[in-house]
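Here's the structure we're looking at; comments come further down.
The values are calculated or read from the model by the stated rules, or taken from the named source; none is laboratory data. Model, not experiment: these values are computed from the prediction. Glycine also receives a Cβ, built like all others from the backbone with ideal geometry; neighbour counts cover every protein chain displayed.
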């Protein structure tokens with residue numbers, strides 16, 4: 001078995017990992033996505049005779065927290081492959097962070113995944129929902145009204161980061177838009193600066209964010225949010241986002 005670590009996946013890597021993930025999803029009936037196109041992620045793969053049998057992704061999220069998403073081919077589970085990849089990932093994180101926290105995510109469909117997380121000592125700490133929206137129709141639920149009631153613009157800053165600007169004020173917030181596949185983006189870290197909250201900027205600017213994403217040729221947008229974060233959760237419901245699955249976050 002050969003271990004490879006890369007920050008940028010080659011076209012052949014993307015094809016191989018996509019095939020692995022599809023096989024795992026079919027076996028486990030899981031909805032967990034693998035961030036193939038996240039520019040901040042590091043990918044660690046296990047190969048057997050040039051075939052990828054397991055893939056692990058390290059994604060920096062917030063406050064020295066690193067989210068790990070991993071898929072191991074069903075025929076190679078319980079053979080120590082994931083443990084090897086996790087050791088490599090932990091060493092990588094220790095090299096770049098003095099203090100850190102590692103999180104994992106599961107959706108309850110893969111018994112193998114949850115048994116593995118329990119075995120390594122991870123504990124469930126939070127529950128979120130994965131939501132999605134079809135961008136082919138942006139006319140529902142006062143989207144048009146929000147777009148015309150104020151002028152918002154989206155400006156790319158690199159590494160999937162975008163600034164949200166309001167006509168007379170300028171910079172009021174930010175968002176990360178991570179490619180999910182050829183026709184979808186993942187919306188992360190949608191945040192309005194504290195001093196501009198309570199003025200419905202988050203609700204109104206989202207219409208412009210969705211319109212911008214559609215202008216990129218995307219057909220679907222996905223995101224994750226906690227139901228306990230009622231203001232954000234209700235905004236997404238108001239914009240016709242649908243719940244795809246429930247996610248449990250585990251911390252090591």
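Here the strands (runs of 3 or more DSSP E) wholly within region 1-81 that include at least 3 residues being more than 27 Å from residue 100 (Cα to Cα) and over 20 Å from the mean Cα position of the chain (by Cα) are 51-60.
Within region 89-108, the residues that satisfy the criterion of being over 14 Å from residue 249 (Cα atoms) and buried (at least 17 other Cβ atoms within 10 Å of the Cβ) are 89, 93. Residue-level check: of (1) surrounded by 14 or more Cβ atoms within 10 Å (Cβ to Cβ); (2) at pLDDT below 95; (3) farther than 24 Å from residue 130 by Cα, residue 85 misses just (2). May I ask you to list the residues in region 215-229 that are more than 25 Å from residue 247 (Cβ to Cβ) and either assigned to a helix (DSSP H, G or I) or in contact (Cβ under 8 Å) with a residue 40 or more places away in the chain (or both)? Once the filter is applied, which keeps residues that are more than 25 Å from residue 247 (Cβ to Cβ) and either assigned to a helix (DSSP H, G or I) or in contact (Cβ under 8 Å) with a residue 40 or more places away in the chain (or both), region 215-229 yields only 215.
Applying the condition of being under 27 Å from residue 248 (Cα atoms) and over 16 Å from the mean Cα position of the chain (by Cα) to region 190-208 and asking which residue is surrounded by the most Cβ atoms within 10 Å (Cβ to Cβ) yields 206.
Summed over region 209-219, residues that are touching a strand residue (DSSP E or B) at 6+ places or on another chain (Cβ under 6 Å) and surrounded by fewer than 17 Cβ atoms within 10 Å (Cβ to Cβ) total 0. Evaluated against (1) at pLDDT below 95; (2) surrounded by 13 or more Cβ atoms within 10 Å (Cβ to Cβ), residue 3 falls short on exactly one condition, (1). Scanning region 172-189 for residues that are part of a strand (DSSP E or B) and either surrounded by fewer than 17 Cβ atoms within 10 Å (Cβ to Cβ) or within 12 Å of the chain's Cα centre (by Cα) (or both) yields a count of 12. Quick check: anything in region 53-62 modelled with pLDDT under 95 and out of contact with any strand residue (DSSP E or B) (no Cβ under 6 Å at 6 or more places or on another chain)? The answer is yes, given that some residue of region 53-62 is modelled with pLDDT under 95 and out of contact with any strand residue (DSSP E or B) (no Cβ under 6 Å at 6 or more places or on another chain).
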